[in-house]
Amino acid sequence: MKPIVVIQGPINEYIYRNNLRAWDGWDVVYSTWEGSDVTYFDVDNFILNPIPKESGTININLQKTSTLAGLKWGKERGYTHSIKMRSDMWPTNAKYLSELFSWNKLNFLCWHDHNGGYVTDYFMAGPIEDLETLWDVDIYPPHPEWAITQKIKEVWGLEKIHLILDGLESWNLS
């Protein structure tokens with residue numbers, strides 16, 4: 001199983017080059033906005049989405065639109081799993097990061113305990129169909145992470161999530 005990496009959000013040459021290095025050897029699709037300068041792209045696997053008229057709470061509809069477009073692109077090409085990253089973040093060791101995933105679950109960096117708790121949305125990974133369901137959310141929640149966490153609770157329950165930082169307790173950082 002080889003996942004598609006969906007990199008969603010605004011893009012510029014600096015972001016593109018860093019993601020290109022970070023995901024070298026991986027199948028990647030960039031899902032960004034119409035009007036973005038993509039003349040420096042060395043690849044043709046990008047989606048230029050129209051910017052939604054309504055951005056939603058803290059731009060959740062922009063994240064939702066570009067994420068769903070990237071997941072659809074991957075699914076249409078036969079991928080069954082995906083890693084979804086914000087464009088302004090990239091791993092220093094993508095192979096190691098992916099080895100921390102539990103591919104039958106929804107993978108998130110960590111749980112944030114503020115205001116009742118929620119998963120962080122910096123990146124996520126799992127089955128494409130689950131990620132598509134996850135992003136079928138209202139665009140006016142209290143905050144985007146709340147909408148995602150509520151969707152998990154409604155559809156699967158919290159046992160469906162795998163938190164990467166929970167698996168790092170054995171690291172010896174001394």
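The values are calculated or read from the model by the stated rules, or taken from the named source; none is laboratory data. No experiment lies behind these values; they were computed from the predicted model shown. FYI the Cβ positions are ideal-geometry reconstructions off the backbone, even for glycines, and counts take in every protein chain you see. Side chains are part of the model used for accessible areas, which takes the heavy atoms of the whole protein and leaves out ligands, DNA and RNA. Shrake-Rupley method; radii C 1.70, N 1.55, O 1.52, S 1.80 Å.
Filter segment 4-16 down to residues that are out of contact with any strand residue (DSSP E or B) (no Cβ under 6 Å at 6 or more places or on another chain) and within 20 Å of Tyr96 (Cα to Cα), then give me how many there are. Full working, then the answer.
Taking segment 4-16 and keeping what is out of contact with any strand residue (DSSP E or B) (no Cβ under 6 Å at 6 or more places or on another chain), we get 10, 12-16.
Filter once more, so that each one left must be within 20 Å of Tyr96 (Cα to Cα): none.
Of the residues in that region, 0 qualify.
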Exercise. What strands (runs of 3 or more DSSP E) completely inside segment 1-65 contain at least 2 residues that are among the hydroxyl-bearing types (Ser, Thr, Tyr), under 28 Å from Ala147 (Cα atoms) and at pLDDT 95 or above?
Worked result: 27-33
Problem set entry | Selection count where residues are among the β-branched types (Val, Ile, Thr) and either in a strand (DSSP E or B) or open to solvent by less than 20 Å² (accessible area, probe 1.4 Å) (or both), scope segment 70-120 | 3
For this session: Report whether or not Gly56 is in contact (Cβ under 8 Å) with a residue 40 or more places away in the chain, over 14 Å from the mean Cα position of the chain (by Cα) and crowded, with 16+ Cβ neighbours inside 10 Å.
Result: yes
Problem set entry | Residues within segment 1-53 that are more than 18 Å from the chain's Cα centre (by Cα) and hydroxyl-bearing (Ser, Thr, Tyr), tallied | 4
For this session: Can you confirm whether segment 72-87 contains a residue that is touching a Leu at 6+ places or on another chain (Cβ under 6 Å) and over 18 Å from Tyr122 (Cβ atoms)?
Result: no
